[in-house]
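Taking it in order: structure first as structure tokens, then the write-up.
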Amino acid sequence: METPFLQIIIFLVISIVLIVLLTVKYKIHAFFALFAACIVMGAGVGLPAESMLNTMKQGFGHIMQSLGFIIVLGTVLGVILEHTGCTNAMAAFILKRTGEKRSALAMNITGFIVGLPIFCDSGYIVLSGLNNQLAERSKTAMPFMAGSLAVGLYAVHCLIPPHPGAAAAAGTLNVDFGKLILLGVIVAIPASAAGYLWSRYAAAAITAPVIQSSSSADEEGRTPSPLQAFLPVIIPILLIASAAFIAIEKNEGLFWKIVAVAGNPVVALCIGILLTIPLLYRLPGKKVSSLLQEGAEKAGGILVIIGAGGSFGAILAATHIGTHLGDRLPLAQLGILFPFLLTSLLKTAQGSSTVAIITAASIVQPLLPALGLDTEPGRLLAILSMGAGSMMISHANDAYFWVISKFSGVEMKTMLRVYSAATIWMGIIALLTVYLLSIIMY
């Protein structure tokens, strides 16, 4: 017997509210919140217990198959770059070319590049010392410096794999990683620029205390060269992008086959890690082992959340919610706006961009035909729209908000005025960019 549509919607709302309450109010880990939501949703729509558990396991396994290696390798690469001083070396290189008078712009660009392999909160912590030092040397208001760095990191975190939200959505909607990275960069650049421009405008009349900076050398007291710092980031991106281009052009031949293999995200990230060997060689064996262990452990925490999101998506798919909503709502008229609005609501309510995208992707996936997005370009646009929505609105329930505040010494009122407002503009500009892409791609 088919479950009534009203019953499905009621328990979907209950499940989303449960995720928000458990993660925000009771500080329960997102894995358990999503797991509980699976049980509530499955039981609420009358799925048999054995069928529900099998569906959850299949959803979990599908996501692990798609993303397991990518998340682990991407996280390990980020940890290595952080602890070997590469991030600060990249920042110093960019600053040297922009000059201290444009130090805020330099930090925005640095955040954008460093944020490609490193999570936004880790990236901000690593670069905060340099950011604070430059604010002092250039006499730039700290809210402007903090906002500029923060939005550069945030733009790529919300839109580009291997960051977990975008990566999970790509796995759920079956989207090519290389194409998503290429389009994600196109969307992230104007979003980051919008955040930078708002930070400059909002912080124009604000002064704030500056915290003393830390060293930019690695843990052995040596600073990597710019080439050593950039190669592990740039080479994997170029390889993945090249493989996506080859797939589009359908190039054949041995050379192109080798490029296609090297451009597989798993292989490309392995190459990125191999390129850090000269840096790791400086460190004691025990330190290298601890870095690898730290990366693997950090990835484990991300993977269980992504896996639980996959389980929730599988449960939703089993309810045939897409067919129901497609029959009752004018989804075709909403198109890319629906994923954006849904993810914005989830992000603003519970604070985590990653959880917002994972949850939204689970809901949007069965709705793709009704939204008119059940094509390769449509699925790409849907993920980018969700990425734009996951930027809005970062405020006091977002851990990244407090990382910025703590490490820059900016009070909450100023944070809301500068950074939180910037995330609104970032989301809007990102959505407009996605809309322009949709006109070109269709």
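Taking the inverse of the mean reciprocal distance over all distinct Cα pairs, the Kirkwood hydrodynamic radius of the chain comes to 22.1 Å.
To the nearest ten degrees, helix 86-98 and the longest principal axis of the Cα atoms of the chain are 70 degrees apart. Ordering R417, R102 by the number of other Cβ atoms within 10 Å of each residue's own Cβ, fewest first, gives R102, R417. Estimated at 0.36 nm per residue, the fully extended path between S138 and L345 surpasses their Cα-Cα distance by 70.7 nm. Annotation: lysines with alpha-carbon distance below 17 angstrom to K413 (same-chain offsets under eight excluded): none found. Largest mean-square fluctuation among I189, I70, I277, in a Gaussian network model of the chain whose springs join Cα atoms under 10 Å apart, belongs to I277.
Taking Cα atoms only, the orientation of helix 103-114 departs from the longest principal axis of the chain by about 50 degrees. Between 0 and 90 degrees, the angle of helix 30-44 with respect to the longest Cα principal axis of the chain falls at about 10 degrees. A crude spin-label estimate for the pair F255 and I428, with each label 7 Å from Cα along the Cβ direction, gives 4.8 nm.
Structure shown: which of K27/K406; K179/K287; K347/K406 lie over 30 Å apart, alpha-carbon to alpha-carbon? In this structure, K179/K287 lie more than 30 Å apart at Cα. Mind checking which lysines have their Cα closer than 18 Å to the Cα of K96? Skip sequence neighbours fewer than 8 apart in that chain. Straight-line reach from K96, under 18 Å: K139. About its Cα centre, the dipole of segment 62-441 is roughly 720 debye, where the only charges are +1 on Lys and Arg Cβ and -1 on Asp and Glu Cβ. What residue among T23, T354, T423 has the largest mean-square fluctuation in a Gaussian network model of the chain, using Cα springs under 10 Å? Result for the chain, Cα springs under 10 Å: T23 fluctuates most. Ordering L436, V175, V267 by the projection of their Cα atoms onto the charge dipole of the chain, which places +1 on the Cβ of Lys and Arg and -1 on the Cβ of Asp and Glu, puts L436 at the extreme positive end.
The numbers here are math on the coordinates, done by the rules we state, and not lab data. A quick note: this is a predicted structure, and the numbers were derived from the prediction, not measured. With ideal geometry, Cβ positions are generated from the backbone for all residues, glycine too; neighbour counts draw on all protein chains shown.
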